[in-house]
């Protein structure tokens, strides 16, 4: 099924669900719940909490389906609900023990790399690094150390393989802000793995 066919199928299911067809919403749940859970698991680093937030996401989607008006963008709408639910859950859980990355440190302070080299190389994108279980654990740990606004953009664009515009829509920021935030997120990720001595190609 092509992207256009998928959007049309979503629209048909949404319209049926808005008319009270529970099986239609069930089909939407089956189509997207796995992707949402996978995204939340990586975002939250807590499988149990990710399951709970996945359920909460679709409960909210179901109860608000009558007000849904974004024709052809159901997936983005659900990702946005999931992201908001995850932010609230993490804020509640980690309010006192949350670790913050120093975001005020200048990007070019480390003389061993240049900003343009990092952005253009793609070497330290997390999706390019994941090859073994050990590497996946390492990447998840480093992502967990990032501030949520940087973690969510890198998850959406680099691990969920979304276009920058789709990620911007989900996060409700403009495309330029999203692009800048993604570049910054990749730099922070690079710093975190470099700090732990991760050498190029070791994963």
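Laid out as a table, the results:
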| read-out | value |
| --- | --- |
| Alpha-carbon centroids, the stretch 164-182 and the stretch 140-163: separation in whole Å | 13 Å |
| Order of 90, 28 under a 10 Å beta carbon neighbour criterion, fewest first | 90, 28 |
| Burial ordering of 169, 21, 147, fewest other beta-carbon atoms within 10 Å first | 21, 147, 169 |
| Per-residue Cβ neighbour rank within 10 angstrom, fewest leading, 91, 33, 41 | 91, 33, 41 |
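Values in this text are rule-based calculations from the coordinates and carry no lab data. Quantities reported herein were computed from a predicted structural model and do not represent experimental measurements. Backbone-built Cβ (ideal geometry, glycine too); neighbour counts: all protein chains shown.
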